[in-house]
Structures are given as structure tokens and as C-alpha cells.
Amino acid sequence: MNDGKHFFGSPETERKLNCLRQYLAAYSVALQNKNFARMYIDAFAGTGSRTETKAVLPFMGEGEASLIEVTTPGSARIALGVKPEFHSVVLIEKDPLHVAALRSAVSEYPGSRAHVREGDANEIVQKICQRYDWHKERMRGVVFLDPYGMEVRWDTVEAIAGTEALDCWYFFPLSGLYRNAPKDPTKLDQSKIDALNRVFGTASWRDEWYEKSDAQTDMFGGLIEDERRTFDVNRIEDWVGKRLSTVFKGAVLKPLRLHHANGAPMASLFFAVSNPHKAAVRLAKEIAGHILNAGISSQVRPR
Ligand SMILES: C[S@@+](CC[C@H](N)C(=O)[O-])C[C@H]1O[C@@H](n2cnc3c(N)ncnc32)[C@H](O)[C@@H]1O
């Protein structure tokens, strides 16, 4: 945060927010006459806005190139603007400066049933998931997990899936995975292993992503075994989808991958449905599938 401005993401971040914007709008309309209380939980809510620096090129060769700052709604403001409104909007944020900005954003939407909760997203999301009997209380909702990196713990993912009432958009940090799972496993230290285990709730990635090559003999007749991560970004992304499917009983859709400005994969936007009932799965898949497919087919970079 700089002068109250929240700079984050890449030139592609707007595509992620567009998926959320379209889903929340369609979801709210689809459920409005179904007698459910609709909740939106923004677990990493930010400030409510996003600022990016854009280059402005000279017009017809006149003048000089310059940089301008452009501020647009972030996930929290997008949710606050959804019509028909959610019955409750929970905005969770750890950074006190971001919390203050969120409170000020909420005050611009008089009558909205939004609460800002200051603290750790994992703890607060888990408490909310466990507080309600979602089906008995006829509650449905959407959770957005939009961390900077590897902050989402697997027990939080399990808690969301366990409600069988929440749909989840999870912006899964591929670049965090690379950093923590180097090709050469001798560079895996305990903190990296712990980070991956926390995010996945299992250590099985260690055996599945890495492979030993056939032993070779060195010039002195000794055996050399070389071990490498053989999973590339596509296989890792598929693996993440399968891991999410172990707890989300409704569906996990093919994600939309976003990139850093230099073209390196940044994160994949997954959509997962916790509700196992046919009608709920069909509705969620119809809306989110359409949004994700449109995003994937307009992707400029090859997978
Ligand atoms: C990528 S930004 C979220 C952007 C936001 N979704 C938007 O569209 O405007 C990640 C946010 O998560 C917050 N954060 C990081 N760790 C957190 C945690 N453990 N609990 C709650 N918030 C956290 C950061 O302060 C930051 O504001």
C-alpha cells in the first residue's frame, strides 16, 4: 500500500476480477427467488480498490510517453455493488491499513449488510464455516480466496468444502509453488516442505512430482542417482485440481491461468462447488463454466 493505494497483480489481474464480477452478478440473480440467504466471503479482501501503473504512448508521435496510475474496483467493491445485494458480505483482512480502507469503502454503500473482520483469513473463514448449519438455515454463498501467495491452509479449504453450501473461487499461486518446489530436490529445505504441506494438507506431492532417473555409474564405478521434479506447470495445475476434487464433492472446473508481465505463469483461478446436489452443481457449473471457458478461449498465451 502506497499513499492509500493498493498495487497488486499483473496486467492480467482484471481478467480474474471479471470472472468474479460476472459470477457474483449471475449467482445473485439466479438465487434471488429461491428463499436462500446469500453470503459472500472475501477472505483476502485488500482495500476495496486496485491501482496499477499504465504506460501512455505518445499520440501520433506527438509528446512523450508517460506513466499514469489507474484505480479500479477490487473484489470487495465488486461484491458490494452486486444487485440484488447479498444478504451478508464478510470482508476479511489482516493488514490494519487495508482494514481502514475497507471500512471507508463499506461506508460508501449505505444499507449494505457488510462486515469487515480484522484478522487471519484461515481462522475467520473456518469459524464462519463451522458456525452455521448451512442447509438447515437455508444459507448459500460464495468464497473468494485471493492470497498474495501460499497463505491459504488446507484445513481452510476443507472447512469451505465441508459446508456443502459454498462455491469457491481460489486464485491458486503457481509461482509460490515453483519457489517452494525447486527442480533440484536438494534445494528443498524444511520451510519449503512445510509451506507445501500446509497448502495441500498432504506430503504426497514430494513422491509424485519428483522422479529418480535410472542409476548411472560414475568414472570410479560408484552409482549416481539423479532426482528431479518431473512435473511441469501443466501437470502441477492438474494435480492441484485433483487435490481440490478430493474435498469438493460438487465439481472442480478447469482453471483460468494468469501470467506475470514477463509471461511466467502466476496463478490459476479455480472454481469449486462444495454442494453435491445435482441442481446446485448444474447451476454453478453452467454459470462458472461459461465464464471460465470464455476466459480460457480468449487467452493469448499458449498453455
Ligand atoms: C492479492 S491481495 C487481495 C486483493 C483483493 N482480493 C482485491 O481484489 O482487491 C491479498 C490481500 O490479503 C491480505 N492478507 C495476506 N495474508 C492474510 C491473512 N493471513 N489473512 C487475511 N488477509 C491476509 C493482504 O494484506 C492483501 O490485502
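Do you know which residues across the range 1-18 are polar (S, T, N, Q) and either part of a loop (DSSP other than H, G, I, E, B) or more than 17 Å from the chain's Cα centre (by Cα) (or both)? Matches in the range 1-18: N2, S10. Scanning the range 60-98 for residues that are within 16 Å of the ligand (Cβ to nearest atom), part of a strand (DSSP E or B) and of a type outside the set (S, T, Y) yields a count of 8. Just one of the listed residues (R50, R21, R38) is closer than 30 Å to E137 by Cβ, in contact with a Pro (Cβ under 9 Å, 6 or more places away or on another chain) and in a strand (DSSP E or B), and it is R38.
Going through the range 15-30 one residue at a time, which ones are more than 10 Å from the ligand (Cβ to nearest atom) and either farther than 18 Å from S112 by Cα or in contact with an Asp or Glu (Cβ under 7 Å, 6 or more places away or on another chain) (or both)?
Residues of the range 15-30 more than 10 Å from the ligand (Cβ to nearest atom): 15, 18-19, 21-30.
Passing the criteria: R15, N18, C19, Q22, Y23, A26, A30.
Just name the residue that is surrounded by the fewest Cβ atoms within 10 Å (Cβ to Cβ) out of those in the range 31-59 that are within 15 Å of the ligand (Cβ to nearest atom) and hydrophobic (A, V, I, L, M, F, W, C). Working first, answer last.
First, the residues of the range 31-59 that are within 15 Å of the ligand (Cβ to nearest atom): 40-52.
Those still in the list that are hydrophobic (A, V, I, L, M, F, W, C) too: 41, 43-45.
Details: I41: 26, A43: 27, F44: 22, A45: 30.
Taking the candidates together, the pick is F44.
Cβ-Cβ contacts under 6 Å between residues 6 or more apart (or on different chains), taken from a first residue in the range 211-233 that is modelled with pLDDT of 75 or more to a second residue that is surrounded by fewer than 10 Cβ atoms within 10 Å (Cβ to Cβ), are listed as K212/E225. Inspection of the range 256-267 identifies no residue that is of a type outside the set (A, V, I, L, M), free of Cβ contacts under 8 Å to residues at least 40 places away in the same chain and within 16 Å of F171 (Cβ to Cβ).
Candidates are the residues of the range 112-159 that are in a loop (DSSP other than H, G, I, E, B), near the ligand (Cβ under 9 Å from one of its atoms) and small (G, A, S); the one that is surrounded by the fewest Cβ atoms within 10 Å (Cβ to Cβ) is G119.
The values are calculated or read from the model by the stated rules, or taken from the named source; none is laboratory data. From a predicted model like this one, the values you see are computed outputs, not experimental measurements. Using ideal geometry, Cβ is built from the backbone for each residue, glycine included, and neighbour counts are taken over all protein chains shown.
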